[in-house]
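Okay, so here's the structure we're looking at.
The values are calculated or read from the model by the stated rules, or taken from the named source; none is laboratory data. Every value quoted in this text rests on a predicted model; they were computed, and no experiment measured them. For accessibility, only protein heavy atoms count, side chains too; no ligands or nucleic acids. Shrake-Rupley method; radii C 1.70, N 1.55, O 1.52, S 1.80 Å.
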Amino acid sequence: MEGPFKYIREGNGKASRVIRMGTRKSQLARIQTDSVAGTLKQLYPDVRLEIVAMSTIGDKILDTALSKIGEKSLFTKELENALERNEVDIVVHSLKDLPTSLPPGFTIGAILERENPHDAVVLHPKNAGLTLDSLPEKSVIGTSSLRRAAQLKKRFPQLEFENIRGNLNTRLKKLDEKDDYAAIILAAAGLKRMGWESRISQVLGPEDCMYAVGQGALAVEVRAQDKDILEMVSVLHHPDTVLRCISERAFLKQLEGGCSVPVAVHTEVKGSMLYLTGAVYSLDGADCLKDTMQTCVELDNKVNESTQRSANVGVTACNISSSALEAAEKLGLDLANVLLNKGAKDILTTARKLNDAR
(Lines give C-alpha, C1' and ligand atoms only; values in the text may rest on other atoms or scores of the structure.)
Protein backbone atom coordinates (compact mmCIF):
# COMPACT_ATOMS: atom_id res chain seq x y z
CA MET A 1 0.00 0.00 0.00
CA GLU A 2 1.31 3.45 -0.88
CA GLY A 3 1.69 5.61 2.21
CA PRO A 4 0.27 9.15 2.34
CA PHE A 5 3.52 10.59 3.77
CA LYS A 6 6.96 11.65 2.56
CA TYR A 7 9.58 8.94 2.17
CA ILE A 8 13.22 9.17 3.26
CA ARG A 9 15.89 7.56 1.11
CA GLU A 10 18.24 5.30 3.05
CA GLY A 11 21.78 4.27 2.09
CA ASN A 12 20.56 1.15 0.32
CA GLY A 13 18.34 3.29 -1.90
CA LYS A 14 15.15 2.01 -0.26
CA ALA A 15 12.66 4.65 0.81
CA SER A 16 11.33 4.52 4.34
CA ARG A 17 10.06 6.76 7.08
CA VAL A 18 10.57 6.37 10.81
CA ILE A 19 7.40 6.65 12.89
CA ARG A 20 7.97 6.80 16.66
CA MET A 21 5.16 5.27 18.73
CA GLY A 22 4.77 6.35 22.35
CA THR A 23 3.40 3.94 24.96
CA ARG A 24 3.32 3.23 28.68
CA LYS A 25 5.87 0.73 29.98
CA SER A 26 3.38 -1.80 31.37
CA GLN A 27 3.23 -5.22 29.73
CA LEU A 28 -0.37 -4.69 28.61
CA ALA A 29 0.43 -1.28 27.11
CA ARG A 30 3.34 -2.79 25.18
CA ILE A 31 1.17 -5.68 23.90
CA GLN A 32 -1.48 -3.18 22.75
CA THR A 33 1.10 -0.94 21.06
CA ASP A 34 2.80 -3.91 19.39
CA SER A 35 -0.57 -5.03 17.97
CA VAL A 36 -1.17 -1.56 16.46
CA ALA A 37 2.42 -1.51 15.14
CA GLY A 38 1.89 -4.91 13.54
CA THR A 39 -1.22 -3.72 11.71
CA LEU A 40 0.51 -0.53 10.52
CA LYS A 41 3.50 -2.54 9.32
CA GLN A 42 1.21 -4.76 7.23
CA LEU A 43 -0.50 -1.72 5.71
CA TYR A 44 2.69 0.30 5.20
CA PRO A 45 5.62 -2.13 4.83
CA ASP A 46 8.07 0.65 3.94
CA VAL A 47 7.57 2.46 7.25
CA ARG A 48 10.05 1.83 10.03
CA LEU A 49 8.37 1.86 13.45
CA GLU A 50 10.17 2.64 16.70
CA ILE A 51 8.48 2.15 20.07
CA VAL A 52 9.25 4.62 22.87
CA ALA A 53 8.04 3.43 26.31
CA MET A 54 7.66 5.71 29.35
CA SER A 55 6.10 5.80 32.82
CA THR A 56 3.09 7.97 33.66
CA ILE A 57 1.75 9.43 36.92
CA GLY A 58 -0.75 6.58 37.15
CA ASP A 59 2.05 4.04 36.84
CA LYS A 60 4.13 5.68 39.57
CA ILE A 61 1.52 6.30 42.28
CA LEU A 62 0.34 2.82 43.24
CA ASP A 63 -0.73 3.25 46.87
CA THR A 64 -3.65 5.64 46.23
CA ALA A 65 -7.02 5.05 44.57
CA LEU A 66 -7.13 6.50 41.05
CA SER A 67 -10.23 8.49 41.96
CA LYS A 68 -8.33 10.16 44.83
CA ILE A 69 -5.32 11.39 42.86
CA GLY A 70 -7.53 13.98 41.16
CA GLU A 71 -5.56 14.03 37.92
CA LYS A 72 -7.64 13.83 34.73
CA SER A 73 -4.80 12.51 32.57
CA LEU A 74 -3.16 9.99 34.92
CA PHE A 75 -2.02 7.65 32.18
CA THR A 76 -1.68 10.10 29.29
CA LYS A 77 0.06 13.37 30.27
CA GLU A 78 3.69 12.23 29.91
CA LEU A 79 2.87 10.61 26.57
CA GLU A 80 1.17 13.78 25.34
CA ASN A 81 4.13 15.87 26.50
CA ALA A 82 6.39 13.69 24.33
CA LEU A 83 3.96 14.14 21.42
CA GLU A 84 4.01 17.92 21.90
CA ARG A 85 7.84 17.98 21.94
CA ASN A 86 7.95 15.90 18.72
CA GLU A 87 9.74 13.09 20.55
CA VAL A 88 7.07 10.67 19.32
CA ASP A 89 4.70 10.86 16.33
CA ILE A 90 1.76 8.80 17.59
CA VAL A 91 0.68 7.48 20.98
CA VAL A 92 -1.33 4.31 21.62
CA HIS A 93 -3.74 4.45 24.58
CA SER A 94 -6.54 2.46 26.09
CA LEU A 95 -9.38 4.78 25.04
CA LYS A 96 -10.92 4.70 28.52
CA ASP A 97 -7.76 6.43 29.87
CA LEU A 98 -8.18 9.43 27.53
CA PRO A 99 -10.12 12.42 28.94
CA THR A 100 -13.14 13.55 26.90
CA SER A 101 -11.39 16.91 26.27
CA LEU A 102 -7.92 16.55 24.78
CA PRO A 103 -5.22 19.24 25.08
CA PRO A 104 -5.21 21.78 22.21
CA GLY A 105 -3.44 20.49 19.12
CA PHE A 106 -4.11 16.79 19.72
CA THR A 107 -6.73 14.47 18.27
CA ILE A 108 -7.63 10.78 18.29
CA GLY A 109 -6.75 9.72 14.75
CA ALA A 110 -7.91 6.11 15.07
CA ILE A 111 -10.11 3.92 17.25
CA LEU A 112 -9.55 0.24 16.55
CA GLU A 113 -12.14 -2.52 16.66
CA ARG A 114 -13.29 -2.97 20.22
CA GLU A 115 -12.39 -6.05 22.23
CA ASN A 116 -15.05 -7.36 24.68
CA PRO A 117 -15.80 -4.18 26.72
CA HIS A 118 -17.32 -5.95 29.73
CA ASP A 119 -15.81 -6.47 33.17
CA ALA A 120 -14.66 -9.89 34.33
CA VAL A 121 -14.44 -11.66 37.68
CA VAL A 122 -11.09 -13.28 38.49
CA LEU A 123 -11.39 -15.57 41.52
CA HIS A 124 -8.76 -16.43 44.10
CA PRO A 125 -7.63 -20.01 43.24
CA LYS A 126 -9.29 -21.35 46.42
CA ASN A 127 -12.68 -20.12 45.11
CA ALA A 128 -12.43 -21.87 41.74
CA GLY A 129 -15.83 -22.72 40.29
CA LEU A 130 -17.75 -20.07 42.25
CA THR A 131 -19.42 -16.87 41.04
CA LEU A 132 -20.13 -13.54 42.74
CA ASP A 133 -23.55 -14.95 43.65
CA SER A 134 -22.14 -18.09 45.28
CA LEU A 135 -19.15 -16.60 47.15
CA PRO A 136 -19.51 -16.66 50.95
CA GLU A 137 -21.15 -13.64 52.55
CA LYS A 138 -18.73 -10.77 53.42
CA SER A 139 -16.22 -11.98 50.82
CA VAL A 140 -13.90 -9.10 49.86
CA ILE A 141 -13.80 -8.13 46.19
CA GLY A 142 -10.94 -5.96 44.94
CA THR A 143 -11.56 -3.19 42.40
CA SER A 144 -9.89 0.13 41.65
CA SER A 145 -13.04 1.52 40.03
CA LEU A 146 -15.82 3.54 41.71
CA ARG A 147 -18.06 2.61 38.75
CA ARG A 148 -17.60 -1.11 39.32
CA ALA A 149 -17.94 -0.86 43.10
CA ALA A 150 -21.15 1.23 42.94
CA GLN A 151 -22.91 -1.16 40.58
CA LEU A 152 -21.74 -4.33 42.27
CA LYS A 153 -22.60 -3.09 45.79
CA LYS A 154 -26.16 -2.61 44.57
CA ARG A 155 -26.28 -5.97 42.78
CA PHE A 156 -24.37 -8.03 45.40
CA PRO A 157 -25.05 -6.37 48.79
CA GLN A 158 -23.76 -9.46 50.63
CA LEU A 159 -20.19 -8.81 49.39
CA GLU A 160 -17.61 -6.22 50.48
CA PHE A 161 -15.55 -4.10 48.09
CA GLU A 162 -12.07 -2.75 48.69
CA ASN A 163 -9.62 -0.79 46.59
CA ILE A 164 -6.82 -2.58 44.75
CA ARG A 165 -4.22 -0.79 42.58
CA GLY A 166 -1.40 -1.70 40.24
CA ASN A 167 -1.13 -2.98 36.68
CA LEU A 168 -2.76 -6.27 35.69
CA ASN A 169 0.27 -8.35 36.69
CA THR A 170 0.45 -6.67 40.12
CA ARG A 171 -3.25 -7.06 40.85
CA LEU A 172 -3.28 -10.73 39.90
CA LYS A 173 -0.23 -11.32 42.09
CA LYS A 174 -1.93 -9.59 45.04
CA LEU A 175 -4.97 -11.82 44.50
CA ASP A 176 -3.09 -15.11 44.17
CA GLU A 177 -0.37 -14.68 46.79
CA LYS A 178 -2.43 -13.25 49.65
CA ASP A 179 -5.78 -14.01 51.24
CA ASP A 180 -6.95 -10.37 51.18
CA TYR A 181 -9.38 -10.80 48.29
CA ALA A 182 -11.84 -13.54 47.34
CA ALA A 183 -11.88 -12.14 43.79
CA ILE A 184 -10.95 -9.05 41.79
CA ILE A 185 -12.78 -7.32 38.96
CA LEU A 186 -10.79 -6.50 35.82
CA ALA A 187 -11.56 -5.52 32.24
CA ALA A 188 -12.07 -8.65 30.14
CA ALA A 189 -10.26 -6.95 27.23
CA GLY A 190 -6.99 -6.55 29.14
CA LEU A 191 -7.02 -10.16 30.33
CA LYS A 192 -7.68 -11.39 26.80
CA ARG A 193 -4.88 -9.26 25.29
CA MET A 194 -2.45 -10.55 27.94
CA GLY A 195 -3.36 -14.14 27.04
CA TRP A 196 -4.96 -14.71 30.45
CA GLU A 197 -8.48 -15.46 29.28
CA SER A 198 -8.38 -18.73 31.25
CA ARG A 199 -8.39 -16.68 34.49
CA ILE A 200 -11.84 -15.26 33.70
CA SER A 201 -14.39 -16.99 35.94
CA GLN A 202 -17.37 -14.86 34.97
CA VAL A 203 -18.02 -12.05 32.47
CA LEU A 204 -20.40 -9.46 33.93
CA GLY A 205 -23.24 -8.56 31.60
CA PRO A 206 -24.89 -5.12 31.56
CA GLU A 207 -27.54 -6.28 34.06
CA ASP A 208 -24.73 -6.75 36.63
CA CYS A 209 -22.18 -4.11 35.66
CA MET A 210 -22.15 -1.72 32.71
CA TYR A 211 -18.70 -0.73 31.47
CA ALA A 212 -16.60 2.42 31.39
CA VAL A 213 -16.70 4.89 28.51
CA GLY A 214 -14.35 3.62 25.78
CA GLN A 215 -13.54 0.38 27.63
CA GLY A 216 -12.05 -2.33 25.42
CA ALA A 217 -11.08 0.04 22.58
CA LEU A 218 -7.57 1.19 21.63
CA ALA A 219 -7.00 4.79 20.50
CA VAL A 220 -4.18 6.31 18.48
CA GLU A 221 -3.53 9.94 19.44
CA VAL A 222 -1.68 12.25 17.05
CA ARG A 223 -0.86 15.92 16.55
CA ALA A 224 -3.87 17.40 14.77
CA GLN A 225 -1.71 19.33 12.28
CA ASP A 226 0.18 16.20 11.12
CA LYS A 227 -2.11 15.52 8.18
CA ASP A 228 0.07 12.74 6.73
CA ILE A 229 0.17 10.85 10.04
CA LEU A 230 -3.57 11.45 10.54
CA GLU A 231 -4.27 10.03 7.09
CA MET A 232 -1.96 7.08 7.72
CA VAL A 233 -3.60 5.98 10.97
CA SER A 234 -7.18 6.74 9.84
CA VAL A 235 -7.34 3.38 8.01
CA LEU A 236 -7.31 1.74 11.47
CA HIS A 237 -10.72 3.22 12.38
CA HIS A 238 -13.45 0.63 13.01
CA PRO A 239 -16.70 2.49 12.12
CA ASP A 240 -19.08 0.79 14.59
CA THR A 241 -16.58 1.15 17.43
CA VAL A 242 -15.98 4.82 16.53
CA LEU A 243 -19.71 5.61 16.61
CA ARG A 244 -20.26 3.76 19.90
CA CYS A 245 -17.30 5.44 21.58
CA ILE A 246 -18.18 8.93 20.32
CA SER A 247 -21.67 8.59 21.83
CA GLU A 248 -20.16 7.34 25.10
CA ARG A 249 -17.56 10.12 25.27
CA ALA A 250 -20.19 12.79 24.51
CA PHE A 251 -22.38 11.36 27.28
CA LEU A 252 -19.53 11.49 29.82
CA LYS A 253 -18.36 14.95 28.73
CA GLN A 254 -21.84 16.45 29.08
CA LEU A 255 -22.14 14.93 32.56
CA GLU A 256 -18.70 16.32 33.45
CA GLY A 257 -17.83 12.87 34.71
CA GLY A 258 -14.48 11.14 35.05
CA CYS A 259 -12.80 8.45 37.10
CA SER A 260 -13.83 10.25 40.32
CA VAL A 261 -17.54 9.58 39.79
CA PRO A 262 -19.48 6.39 38.95
CA VAL A 263 -20.68 6.72 35.34
CA ALA A 264 -21.37 3.62 33.23
CA VAL A 265 -22.50 2.89 29.67
CA HIS A 266 -23.58 0.14 27.33
CA THR A 267 -23.76 0.60 23.54
CA GLU A 268 -24.82 -1.50 20.56
CA VAL A 269 -25.06 -0.98 16.82
CA LYS A 270 -27.88 -2.97 15.23
CA GLY A 271 -28.24 -2.36 11.52
CA SER A 272 -28.33 1.41 11.09
CA MET A 273 -29.35 2.08 14.71
CA LEU A 274 -27.02 3.01 17.56
CA TYR A 275 -28.32 2.28 21.07
CA LEU A 276 -26.81 3.96 24.13
CA THR A 277 -27.66 3.11 27.73
CA GLY A 278 -26.08 5.38 30.30
CA ALA A 279 -26.23 5.55 34.09
CA VAL A 280 -24.90 7.52 37.04
CA TYR A 281 -24.63 6.07 40.55
CA SER A 282 -24.06 7.16 44.11
CA LEU A 283 -20.88 5.67 45.63
CA ASP A 284 -22.87 2.97 47.45
CA GLY A 285 -25.00 2.22 44.39
CA ALA A 286 -28.23 3.05 46.26
CA ASP A 287 -29.06 6.02 44.02
CA CYS A 288 -29.08 5.37 40.30
CA LEU A 289 -30.38 7.18 37.23
CA LYS A 290 -30.39 5.14 34.03
CA ASP A 291 -31.93 5.49 30.58
CA THR A 292 -31.58 4.28 27.00
CA MET A 293 -31.88 6.19 23.73
CA GLN A 294 -31.19 5.38 20.11
CA THR A 295 -30.47 7.16 16.84
CA CYS A 296 -29.92 6.34 13.17
CA VAL A 297 -26.25 6.26 12.16
CA GLU A 298 -26.50 4.99 8.61
CA LEU A 299 -22.99 4.91 7.14
CA ASP A 300 -23.62 6.59 3.78
CA ASN A 301 -20.88 7.14 1.23
CA LYS A 302 -20.85 10.91 1.63
CA VAL A 303 -17.55 10.94 3.47
CA ASN A 304 -15.87 14.30 3.97
CA GLU A 305 -12.37 13.66 2.70
CA SER A 306 -10.98 16.87 4.19
CA THR A 307 -8.69 16.40 7.18
CA GLN A 308 -9.77 19.90 8.20
CA ARG A 309 -12.98 18.46 9.57
CA SER A 310 -13.54 19.20 13.23
CA ALA A 311 -13.19 16.44 15.78
CA ASN A 312 -16.15 14.85 17.57
CA VAL A 313 -15.29 14.72 21.31
CA GLY A 314 -11.62 14.55 20.38
CA VAL A 315 -12.01 12.00 17.57
CA THR A 316 -11.14 12.85 13.95
CA ALA A 317 -12.62 10.30 11.54
CA CYS A 318 -12.50 11.72 8.03
CA ASN A 319 -13.30 8.35 6.44
CA ILE A 320 -16.65 7.99 8.26
CA SER A 321 -19.86 9.81 7.30
CA SER A 322 -20.00 13.15 9.12
CA SER A 323 -23.78 12.84 9.58
CA ALA A 324 -23.30 9.49 11.40
CA LEU A 325 -20.57 10.97 13.63
CA GLU A 326 -22.73 13.96 14.49
CA ALA A 327 -25.74 11.75 15.22
CA ALA A 328 -23.62 9.61 17.58
CA GLU A 329 -22.32 12.69 19.42
CA LYS A 330 -25.82 14.18 19.69
CA LEU A 331 -27.12 10.89 21.11
CA GLY A 332 -24.61 11.07 23.96
CA LEU A 333 -25.43 14.72 24.65
CA ASP A 334 -29.18 14.10 24.58
CA LEU A 335 -29.02 11.12 26.93
CA ALA A 336 -26.81 13.04 29.37
CA ASN A 337 -29.28 15.93 29.34
CA VAL A 338 -32.17 13.54 30.07
CA LEU A 339 -30.32 12.24 33.15
CA LEU A 340 -29.27 15.76 34.22
CA ASN A 341 -32.91 16.86 34.05
CA LYS A 342 -33.79 13.95 36.36
CA GLY A 343 -31.19 15.00 38.95
CA ALA A 344 -27.94 13.35 37.82
CA LYS A 345 -25.91 16.41 38.78
CA ASP A 346 -26.89 16.06 42.45
CA ILE A 347 -25.91 12.38 42.51
CA LEU A 348 -22.54 13.12 40.86
CA THR A 349 -21.80 16.16 43.06
CA THR A 350 -22.50 14.14 46.21
CA ALA A 351 -20.39 11.24 44.93
CA ARG A 352 -17.50 13.61 44.20
CA LYS A 353 -17.68 15.23 47.64
CA LEU A 354 -17.88 11.88 49.45
CA ASN A 355 -14.96 10.53 47.45
CA ASP A 356 -12.86 13.65 48.17
CA ALA A 357 -13.64 13.34 51.89
CA ARG A 358 -12.45 9.73 52.13
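Heavy atoms of the protein chains alone define the surface here; on that basis the chain has 43 Å² accessible area per residue at 1.4 Å probe size. Counted over the chain, the DSSP beta bridges are approximately 70% antiparallel. Mean residue ellipticity, 222 nm, helices only, the chain: the sum of -39500 (n - 2.57) across DSSP H runs of n ≥ 4, divided by residue count and rounded to 500, is -10000 deg cm²/dmol. Look at the alpha carbon pairs under 8 Å that are at least 6 residues apart: their mean separation over the length of the chain gives a relative contact order of 19 percent. Taking a straight line from the alpha carbon of K192, these aspartates and glutamates sit under 19 Å away, with near neighbours fewer than eight places off in the same chain left out: D34, D97, E113, E115, D119, D176. Rounded to two decimals, the Cα-based Rg/Rh of the range 139-237, with Kirkwood Rh, is 1.09. Taking all protein chains together and a 1.4 Å probe, the residues R352, R48, R148 rank R48, R352, R148 from largest to smallest accessible area. Longer than 18 Å from Cα to Cα, which of K96/K154; K154/K290; K96/K174; K290/K342; K253/K290 are they? Say none if no pair is. Beyond 18 Å between Cα atoms: K96/K154; K96/K174.
How tilted is helix 146-155 with respect to the longest principal axis of the chain? Cα atoms for both, answer in degrees (0 to 90, nearest 10). Tilt of helix 146-155: around 40 degrees. Based on Cα contacts under 8 Å between residues 6+ apart, the range 119-203 shows a relative contact order of 47 percent. Within the accessible surface of the range 192-285, defined with a 1.4 Å probe on protein heavy atoms only, the carbon and sulfur portion equals 46 percent. Per residue, the average separation of C-alpha pairs within less than 8 Å and at least 6 apart gives the range 163-312 a relative contact order of 15 percent.
Restricting the calculation to alpha carbons of the chain gives Rg and Dmax of 20.6, 69 angstrom.
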